1. Taking the number of other C-beta atoms within 10 Å as the exposure measure, put B:His330, A:His61, B:His60 in order starting with the fewest.
2. Of A:Trp7, B:Trp163, how do they rank once you tally other Cβ atoms within 10 Å and put the fewest first?
3. So for the stretch B:269-382: antiparallel DSSP bridges make up what percent, rounded to the nearest 5?
4. Compute the long axis of helix B:139-154 from its Cα atoms, compare it with the longest principal axis of the Cα atoms of chain B, and write down the angle in degrees, 0 to 90, nearest 10.
5. Go from 0 up to the bin containing the longest alpha carbon distance in chain A, width 10 Å each, and give me the % of pairs per bin.
6. Extending each Cα 7 Å along its Cβ direction at A:Cys93 and A:His15, get the distance between those two points in nm, one decimal.
7. Does the stretch B:270-327 classify as rounded, prolate or oblate by the C-alpha gyration tensor (a ≥ b ≥ c root eigenvalues; a/c under 1.5 gives rounded; else a/b over b/c gives prolate, otherwise oblate)?
8. Provide the descending list of Cα extents for the stretch A:1-72 along its principal axes, expressed in whole angstroms.
Amino acid sequence: MPSPRYWREKANRFHLEAARCQGCGGVTFPARTICPACRGTEFETLYLSRKGKVVTSTVVHVGPNEFQMEAPYAMAVVETPEGGRLMVQVVDCEPSDVLPGLEVSLEFRLIRREGHGGILCYGHKGVPVG
Amino acid sequence: MREVAIVGAGMTRFGEIWESSLRDLFVEAAAGALSSAGADHVDHILVGNMSGGQFVGQEHLGPLMADHLGMAGVAAARVESACASGGMALNMGFMAVASGFVDTVLVAGVEKMTDGADVTNVLASAADQETEVYHGITFPGLYAMIARAHMAAHGTTEEDLAWVAVKNHKHGAMNPKAQFRSEVTVEQVLQSSMVAEPLRLLHCSPVSDGAAAVLLCPLDQARNYTDRPVKLIGSGVATDAMALADRKDPAFLAAVEKSSERAYKMAGVTPKDIQVAEVHDCFAIAEICCLEASGLVEKGQGAKAAASGETSLGGRIPVNTSGGLKSKGHPVGATGVAQAIEVFEQLRGESGERQVEGARIGLTQNMGGSGASSVVHIYQGV
Ligand SMILES: [Zn+2]
């Protein structure tokens, strides 16, 4: 993953920048130029709350090379109160406890290292609440 | 629009075929299709292939394959839609002949997966790189998430998933082209190693090499090639949101539903008319979701279809009589064309111990990514 590609995505990976369609009210994350629900092009920028609920999940036992050291690890689709949905790893817990309905907070964490240079790439991970 | 028929077919066995390269696999299947129809030329070649570029560093497969078939000069191109590449090539070949643009099209699919590429990463390139793969999800992981959502919505169990593998291995054990010609038990599936919860190794299709090819021509020219053509009567393609997070119901494959509806409408048939079907069982949960979305079983009833025998040979609607992707193997770009060959042979009465007696109308459903693309074809024996 070359650096410009990583840098370009900072708004959503660092700040959870999303967009609310002025036509249908739907929230897209990351922001887009055309609404996938109504094809509207007028948006209001919003930032997703750093919390949400697990929609569905899995525990990855056989991971990609870059993540195999962390296996087994939990992955989940999380929905924030604004209705934005994102794919995140869920950590600091038993992976098998990450099931649909679980409340998580979204914390800023190291996600992966980029290429041979080992540039650190950040983003959000879920952590169970309470 | 002209009526279109399949008049010839050829395929390699599926499996780890170390002695054959990407081009060798293609040539074996393509030459087989041409010779089975007694054809010495074609107007157009379409090569379904997911990722020659990542698997073996080879792009530009249209001219490469035409050249190696001794047909340099013929129009040729590669068609890509991840694991639905083969089915998508068939759709495009169908359109080319139906429209009158060309008369004969060789539709092939090929994939060489065991030459040392990082298969997990290559397959993950069919998912959303920026919002899914970046965070560490794998392809089995996405289907595992679909499975959990299906379990939560419909009460599907791990044992239901296991039955899909048991059924397809039972069928595949009878297929000389299949990668795994052995039966498995529910216990063996449930004890196999975990890949992505709740999916275990024996819920997953394997990594495979292989190629498959069919020859298409206008129905009114079919007798030049064979006395048993099979008519293509419907074709439907649809797409869905690429990322799982962007689908309202992760347990429902909307592209499969839409592509099926389009194919049924074109063919003028309903799901009840289908007598044999090949559906995209890359993971056991995929067969369950595809059966529901295609209307072959009712929504929410897919989970019990394998265990009850409804979708086995001898059941109400035999599904994946070839062994499916699970047992026959899944060289991704070849799969959609191999599905068509299974139904072609069934409708010609050539399937031996896997024959569905009296089958006249069949269906294939081929899917890309975690369900972001789907292609459905409907066939009728002539
Ligand atoms: Zn909108």
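Where a number appears in this text, it was derived from the coordinates with a stated rule and is not lab data. Since the structure is predicted, the reported quantities are computational estimates derived from the model, not experimental observations. Here the Cβ positions follow ideal geometry from the backbone for every residue, glycine too, while neighbour counts run over all protein chains shown.
1. Details: B:His330 27, A:His61 22, B:His60 12.
Listing B:His330, A:His61, B:His60 from fewest to most nearby Cβ atoms yields B:His60, A:His61, B:His330.
2. Working: A:Trp7 8, B:Trp163 24.
The fewest-first ordering by Cβ neighbours comes to A:Trp7, B:Trp163.
3. Working: 8 of 12 bridges.
DSSP beta bridges in the stretch B:269-382 are roughly 65 percent antiparallel.
4. 60
5. In order of increasing distance, the bins hold 13, 37, 35, 14, 1 percent.
6. Once both label points are built, they end up 2.9 nm from each other.
7. rounded
8. For the stretch A:1-72, the Cα extents along the three principal axes come out at 44, 32, 22 Å.
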